[in-house]
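The values are calculated or read from the model by the stated rules, or taken from the named source; none is laboratory data. Nothing here was measured: the structure is a model prediction, and the numbers come from that model. A quick note on method: Cβ atoms are made from the backbone with ideal geometry, for glycine too, and the neighbour counts reach across all protein chains shown. Remember, those area values only see protein heavy atoms, side chains included, never the ligands or the DNA or RNA. Shrake-Rupley method; radii C 1.70, N 1.55, O 1.52, S 1.80 Å.
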Amino acid sequence: MSNLKKMHTGDLYLPDDPEIEVDQKRYLDRLYDYNHTRPSEPEKQQALLKELFAEIGPNCYLEPPFHANFGGHHVHFGANIYANFNLTMVDDTHIYVGDHTMIAPNVTLATAGHPILPELRAQNYQYNMPIHIGRNCWLGAGVIVLPGVTIGDNVVVGAGSVVTKDLPDNVVAVGNPCHVMRPVSDHDREFYFKDRRIDPELLS
């Protein structure tokens, strides 16, 4: 099996393969173009995102600069997704993000890993595992999501958390390593921040 195919199987492979590098450089050139667009060029930005991503739904926006190993070529975005500055997607294999998810500044979604065994790292071996993020999630500033992780729907991940394991639906999770702190609750239907109450009309 070629290194290009092994990128998506979870097998160890050698990423410094000319077959991989030719495509990667082409995608990164287009990513460079996106990161040098002006805020006054939304149509150009949207056209480039559609070209860059494997899939991208309507009303998605990524604040430049964003960074991706393959320019977003292995990224699948639903609809109405917003990502703030400096999103890094190590998209050596596929990353899936559900509708209405919000991504704060300096978040990293990393699908690539390397063996612990130093002899294999010295030979540049790598493996990739896909990341799945559900619908209507919020990843706080500086969150890191590691290879193979699945995050459920309606999950809030606190700023600075390192997500090493799967998270279920409808929870608030924090920490390094990230752990479930509590479920999304009735309290969250009444207050949006400390003692700040939600106007009931917003939920009608």
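Dividing the mean sequence gap of close Cα pairs (under 8 Å, 6+ apart) by how many residues segment 51-155 holds gives a relative contact order of 22 percent.
Please give the peptides 65-72, 33-40, 13-20 ranked by average Cβ packing (other Cβ atoms within 10 Å per residue), highest first, as a rough proxy for protection.
Highest-to-lowest ranking by the protection proxy: 65-72, 13-20, 33-40.
For Lys165, the aspartates and glutamates whose Cα comes closer than 18 Å to its Cα, not counting residues fewer than 8 places off in the same chain, are Asp153. Net charge of the neighbourhood of Ile56, taken over other residues with C-beta under 12 Å away and scored Lys/Arg +1, Asp/Glu -1, is -2.
Averaged over its residues, the chain has an accessible area of 55 Å² per residue, based on protein heavy atoms and a 1.4 Å probe. Relative to the longest principal axis of the Cα atoms of the chain, the long axis of helix 18-35 makes an angle of roughly 40 degrees.
Can you tell me the mean projection area, over all orientations, of the convex hull of the chain's alpha carbons? Units nm², please.
13.0
This model, with +1 at the C-beta of Lys and Arg and -1 at the C-beta of Asp and Glu, gives the chain a dipole about its Cα centre of some 280 debye. The lysines within cross-link reach of Lys5, meaning a Cα-to-Cα straight distance under 17 Å and a gap of 8 or more places when in the same chain, come to none at all.
Where both bridge residues fall in the chain, DSSP classifies roughly 25% of the beta bridges as antiparallel.
Here's the list of aspartates and glutamates a cross-link from Lys6 could span, going by alpha-carbon distance under 12 Å and ignoring same-chain residues fewer than 8 apart: Asp17, Asp92.
Quote the relative contact order of the chain in percent (integer), defining contacts as alpha-carbon pairs under 8 Å separated by 6+ residues. It would help to have the intermediate numbers written out before the result.
Details: 492 pairs, mean separation 26.5, N = 204.
13 percent.
Give me the extension gain from Trp138 to Glu41: residue separation times 0.36 nm, minus the current Cα-Cα distance, reported in nm with one decimal.
Details: separation 97, 0.36 × 97 = 34.92 nm, distance 2.66 nm.
Once the chain is fully extended between Trp138 and Glu41, it gains 32.3 nm.
Hey, any idea what % of the chain's accessible area is carbon plus sulfur with a 1.4 Å probe? Intermediate results must be reported in sequence, preceding the final value.
Numbers: 6170 of 11210 Å².
Here it works out to 55 percent.
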